[in-house]
Amino acid sequence: MADLQHIGKLLILVGLVCAAVGVLMLAAGRVQWLGRLPGDIIVQRKNFTFYFPLATSIILSLLLTFLLWLFGRR
């Protein structure tokens with residue numbers, strides 16, 4: 001019975017994380033500069049477009065690292 005409670009709590013946590021990611025994805029569309037920073041790589045050809053958001057990835061990584069560090073210390 002204790003295993004079912006643990007699995008239930010885990011499923012609730014996974015659902016909350018999925019909901020939070022969904023909200024962030026909806027909100028990210030409203031931030032116009034996100035994904036168009038200097039340092040983002042865009043190669044456009046006739047039939048081909050390659051996009052790699054290098055600067056955006058670095059900034060988001062630093063932000064998430066700081067937030068996890070801030071909330072992870074006790």
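Listing for the model above:
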quantity	calculated
Cα centroid of region 56-74 to Cα centroid of region 1-50, whole Å	15 Å
Hz values of 3J(HN,Hα) by residue in region 54-62 - Karplus curve (6.51, -1.76, 1.60), Gly and Pro given as x	5, 5, 4, 5, 5, 5, 5, 5, 5
Relative contact order computed over the chain (Cα-Cα under 8 Å; 6+ residues apart), in percent	18 percent
Whole-angstrom Cα spans of region 18-69 along principal axes, big to small	42, 22, 18
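Any read-out appearing in this document is the output of simple, stated calculations on the displayed coordinates, not a laboratory observation. In this text, all values refer to a predicted model and were calculated from it rather than measured experimentally.
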